[in-house]
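What follows is calculated from the coordinates using simple rules that are stated; it is not laboratory data. Keep in mind that this is a model prediction, so the values were computed, not measured. With ideal geometry, Cβ positions are generated from the backbone for all residues, glycine too; neighbour counts draw on all protein chains shown.
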Amino acid sequence: IADGIADMVSMVRATIADPDIVAKSFAGSEERVRPCLSCNQGCVGGIFGPTAALGCVVNPDAGQEFKEIDPFPPVERARKVMVIGGGPAGLEAASTAARRGHDVVLCEAADELGGQIRWARRAPHRQDIAASTDWLVEECRRLGVETRTGTVVDVAYLATQAVDVVILASGGEPRRDGFQRQRPERELPGVDLPHVAAPIDVLGGWSKPAEHVVIFDDDGGIAAVSVAELLLDQGMTVTL
């Protein structure tokens with residue numbers, strides 16, 4: 001723009017992810033800009049999806065502008081909040097509670113934060129998917145959230161903690177019962193065999209190496225091809 005090459009530069013998805021991207025950048029706080037993943041799940045996918053409503057995977061306030069004047073109103077009384085789970089949901093909950101003025105502690109059973117995004121980012125060409133969780137980790141640090149990694153929270157542990165509110169954001173586990181999305185009436189025999197793995201097993205490095213791998217995918221999403229690309233990079237023969 002300064003050189004007269006263009007009169008306007010448009011950043012549509014980036015401003016959905018963070019409407020303050022220009023203000024933060026001009027203020028010299030580029031690191032505070034919430035990154036867009038270019039995933040198209042909430043914006044394009046939302047508009048053309050069943051709800052026909054715009055949203056954003058990384059910005060929960062997108063599409064709610066007419067419902068909330070201030071998405072982070074300061075609390076009248078600060079409480080001690082414990083968030084269980086350091087994945088995207090837990091990090092978002094912890095940063096939101098801290099931004100509103102609560103005293104927040106975030107507990108994660110693993111040795112690092114990020115949840116299942118830690119495994120998804122290991123797939124070839126998928127490293128950028130972790131940009132949002134990396135940003136949330138830094139936001140929690142900036143907001144003073146106490147982080148405890150390698151911490152398993154159970155009833156006994158909770159009994160030793162003086163907290164007012166507990167937020168459970170421990171995530172989900174992959175289905176291993178052979179349920180098929182496209183053919184739910186059909187059983188898939190052999191899913192309990194020791195050499196059958198879920199995508200998270202492969203991306204996490206937990207599955208056993210093999211020469212030829214068959215990937216069965218009735219979903220058509222990114223998980224199957226991510227695993228296929230990873231295994232191909234490791235020199236295996238893959239049938240999808």
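If you take the beta carbon distance between Phe179 and Asp7 as r and set R0 to 41 Å, what does 1/(1 + (r/R0)^6) give as a FRET efficiency, to the nearest 0.05? Could the numbers behind the result be given before it?
Numbers: r = 54 Å, r/R0 = 1.31.
With a Förster radius of 41 Å, E is 0.15.
Projected label points at Lys80 and Ile222, each 7 Å from Cα along the beta carbon direction, are separated by 3.9 nanometres. All other residues whose Cβ lies under 12 angstrom from that of Thr133 are scored, Lys and Arg at +1 and Asp and Glu at -1, for a net of -4.
The relative contact order of the range 69-221 comes to 26 percent, based on Cα pairs under 8 Å that sit 6 or more residues apart. Between Pro50, Pro71, Pro199, the residue with the greatest mean-square fluctuation in the GNM of the chain (Cα pairs under 10 Å linked by springs) is Pro50.
Residue ranges 34-44, 147-157 sort as 34-44, 147-157 when ordered by packing (mean number of other C-beta atoms within 10 Å per residue, highest first). Projecting the Cα positions of Ala197, Val104, Ser170 onto the charge dipole of the chain (unit charges on Cβ atoms of Lys, Arg, Asp and Glu, taken about the Cα centre) puts Val104 furthest along the positive direction.
Cβ under 13 Å from Asp18's Cβ, Asp18 left aside: what net charge do those residues give with Lys, Arg +1 and Asp, Glu -1?
Numbers: positive: Arg13, Lys24, Arg32, Arg34; negative: Asp20, Glu30, Glu31, Asp61, Glu139.
In short, -1.
Which one of Ser207, Ser226, Ser29 has the biggest mean-square fluctuation once the chain is modelled by GNM with Cα springs under 10 Å? Checking each option, the largest mean-square fluctuation is seen for Ser29.
How many angstrom separate the Cα center of the range 93-149 from the Cα center of the range 29-84? Result: 15 Å between the Cα centres. If you take all other residues with their beta carbon under 13 Å from the beta carbon of Arg181, and give Lys and Arg +1 and Asp and Glu -1, the sum is -2.
Restricting the range 8-78 to trypsin sites (Lys or Arg not before Pro) that sit in a DSSP loop and have at most 15 other Cβ atoms within 10 Å of their own Cβ leaves Lys67, Arg77.
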